[in-house]
Every structure is written in structure tokens, then in C-alpha cells.
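Remarks on the structure that follows.
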Amino acid sequence: MPKPTSQQAPEQHRKHFDMQAWAEDLHSLRLFLVRNAWPIIISTGVALRVFGYFCARWFWLDESMLLSNVRDAPVFRIVGPLKQEQVVPPGFLLSLRAIHSIFGMGVLPLRFPALIAGTAAFVLFVLWARRFLPFQVAWISSWLMALNADALYYCQEMKPYAFDLLATVVVLILLAQDTRENSQGSVRPRGPAARDRWLRLAFLLTIPWFSIASVFPLSAYFLTLMLKNRGDKAVLKSKLPFALGWTVSFLAAWGVEKSQVVEGSVLWNFWDFAFLKPLRPLDTLCVLADNLINPLHFATSYDWPWLMFPWIAALSLLLILGLRHMLHEARWLTIFSVAATSLVALASFARFYPFHGRTIVFLLPCVLPVFAYGLARLPIRSARTRKVILVFALVTPTLSAAHIRPFSDSRLISFDGDLEYDHFSPRYGVVKRANTPPPKLNTPK
């Protein structure tokens, strides 16, 4: 092998020096990202939500239907049928009417409550994950929440789904405080404890008036506390006033919401596709598969139907692996998450509540940690392979958001108004019956 000449040696030395400098810079960048992971995640998530809000796209179909009940009705008339087959939490409806009476029919003012609720839900979720979950699980969950297309979009829409999300996150914080305090046997000073009790009571009395779906995480919360403290009557007795106060508030809000549906309404006929049907297992499996994809949506379309089956298989394995590890490491969080999901599934079986897309977006804070546990505990020896899978999973929400275009006026809207098609639905998915009409696209201006 010929020896390098005097002119080639400095060139090789310079290349080696450049590669070494590049490696040092990459290592420094990695350390910076690790040390500042939480500010980066929070800043990214908040910036995306605020950016989408100020894009100020015009009201689309569902918002326009709700707007007719905001614009053409007295502020405090919350009892009685609403136009356009709408069912709206009375507190949320009152806030929209108050904003309309002050600021008029502006896109930004009327979407401001959803922005505040959605952004607060994201920030509180990150703080909860950082405090109560293992580091790797926490930042994976937080990053998935920061970029999730549903979480981004519904905090920019004049609908109450962002309040559903906020309700679940606050319940997770309450559950973590209760289970942690009881397990450690800690006793707080009287001042902060009294303040916390009043704040908790205020939340429990208020949230049913802003979120219909909050009944599921809150019911799961009280069931979890009953199960954990079944032998401690003193703890159960201390929680009884909160449970009774929330029950009375929920029943009052539910009575108002029930009066909003006119006799002979076709509302449940429209939502028939989203009810789980025990006598039609194929339909039920398709609905469950479609909603399992939602938290980690790939940039999918009907041009790639073959991709759906391996994708749902991979997500199912990830979900099973995550549940296994979460049950071992965060038992009460697992019980709560399974209880909340089971309650909404039972309500759907009974045709009380649709199990679909935006109506169950409140389950995101329960589901994302499961996927995060699965990703963080992958049983793969190769560190490089684990990193590739993790990077792909973290990039997936970005691909999904780019496909859905949550900030655009011309986003694709499926037949039922959700951000993505039902890929497995017997109506028009990969698994479909004969003579099923193709999906219709709607691009509201």
C-alpha cells in the first residue's frame, strides 16, 4: 500500500479533525436536548397550538351548527331544544354566548375557551408525566401529546372536546396525588390541604357543565379510589362529600343536556356507526381498530390499504407490551385507564355514548402512557434498532399532522366529520360490505 505523500497527510488529518469536531458537536447537541427536554417539549406544543389558533380558519360544518345556537338565542336560556341536533354542555354554551355578546361573531374570541382548555391540558399533562412517570416514558408521552393531530386541532375548534381532554388530565393529577399520599402516609399542613380540598371541590362541581365526557374519567377515578381504599373507611368517608357533590352537579348538567334533544331526533341514527354492537363483532372490532390507530396515526390514506393491517398489528403488540409494564410499574394508573375505557365502551354498547374519534379524545392522556411504556420497554437487544423504532414512532405524529393539515381551511374531512377516515369501518374501510358507498370528501371554505 503506498504511503501518503507530504501533501496528502495534512488533508487526511484535516478530515479526521473535521469528523471529530462534528462528533463533538453532535454530542453537545444531544446533551443540550436531554438537559432541556421539558422546556423544548412544552414550547413546541404551546407554539403549535397558538399558531393554529391564530391561523383563524373559518368555522366548519359542526361549528356553524353550534354557532346558530350561540348567535340566535338569549345568553341564559340553556334549557330546551337546540337547533341543528346539537347537544352542548351548558357551561360551555353560556361562555360562548357571553363571548359573542361582547366580541361578536369573531373566530378568535369564540375559539378562545377551547384554546385555553387544550393548551392547559397539554401543559398539565407534561407536568404530571414529568413528576409521576419514569423519565423515558414521561418524555415519550409528552412528545406524542405535543404533536398529536387531534389534541392540536380540537383546541382550535369551537367545540367542547378540549375540555374533555382537560378533565382527564386533571383527574390524572388528582389520582396521582391520592394514591401517592396514601401509599406514603404523608400528612400535609392544614392550610394547603384545606386549599386543595376547595380547589378539588370547585373542579368537581364545575367540570360537568363544560364536558359531557368527563363523567367517564371521574367515574373511573372514584371507582379506583374505592378499590384502593376498600379497607380504609376513614379515607372513603373523606372522599364521600366530593363524590356526592360531583354526582349532584353531573345530574343537573345531564338534565339540561337531555332537554336539548328534541323528540324524534335523528341524532342517534347518525351516530349508529360509532356504537359498539355486541351482536355484530366484526363492526365492533373495526371500530376498536380505527380508534386504536388514532393516538399514533400514520400518514395513511386509501391508496395504501395494505399498510393498515401490519400497522394495527404493530400497535396492538405495542399496546399489550405497554399495558404489561405499566401494570407492573404504575398499577393504579393502569386500573384507572382500563376502567375509563371500559366505562365508555359499556356506554357505547348501551347506545348512550358514541365510541369514536373526537368523542373519545379524552382517552388520549390514558392511552399515550401505555404506548410510551411499550416503546420505552421494547424487548430488543440492539440499541440501534430500538432507537430507529423510537424515532419513527416520535416522527409519526408529525407525518399524521402533515397529512391531516389541522391548521388549514381545506383539510380533508371524512363522512362523519373526523380528521381521519375509518380505515376498517364496514361502511367504506379496508373491511367493507358489498354496495357500500365510497367515502365523501368535504372541503368547507
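By the count of other C-beta atoms within 10 Å, a proxy for reagent exposure, W198, W209, W271 are ordered fewest to most as W198, W271, W209. Sorting W246, W332 from the fewest to the most surrounding beta carbons within 10 angstrom yields W332, W246. The gain in end-to-end length when the R180 to R35 segment is fully stretched comes to 49.5 nm, 0.36 nm per residue minus the alpha carbon separation.
Taking the Cβ of P241 as the centre, find all other residues whose Cβ is under 13 Å away and add up their charges (Lys, Arg: +1; Asp, Glu: -1).
+4
Once the C-beta distance of W58 and K233 is scaled by a Förster radius of 60 Å, the resulting FRET efficiency is 0.60 to the nearest 0.05. Across every pair of non-identical alpha carbons in segment 42-404, the mean reciprocal distance, once inverted, gives a Kirkwood radius of 21.6 Å. Find out how many positive minus negative residues lie around L96, taking Lys and Arg as positive, Asp and Glu as negative, among other residues whose Cβ is under 11 Å from that of L96. Neighbourhood net charge equals +3.
Remark: spin-label model distance A73-F270 equals 1.4 nm, labels positioned 7 Å along the Cα→Cβ axis. Residues E329, E63 in ascending order of nearby Cβ atoms (within 10 Å, fewest first): E329, E63. Available extension along the chain between A314 and I116 is 67.8 nm, counting 0.36 nm per residue and deducting the alpha carbon span.
Give me the number: length gained by fully extending L279 to E85, i.e. 0.36 nm times residue separation minus the C-alpha to C-alpha distance, one decimal in nm. Working it through step by step, the gained length comes to 67.1 nm.
In order along segment 326-333, phi translates into HN-Hα couplings of 5, 5, 6, 9, 9, 4, 6, 5 Hz, rounded to whole numbers, per the Karplus curve 6.51 cos²θ - 1.76 cosθ + 1.60 with θ = phi - 60° and x for Gly and Pro.
The numbers here are math on the coordinates, done by the rules we state, and not lab data. Keep in mind that this is a model prediction, so the values were computed, not measured. Here the Cβ is made from the backbone with ideal geometry for all residues, glycine too, and neighbour counts use every protein chain on show.
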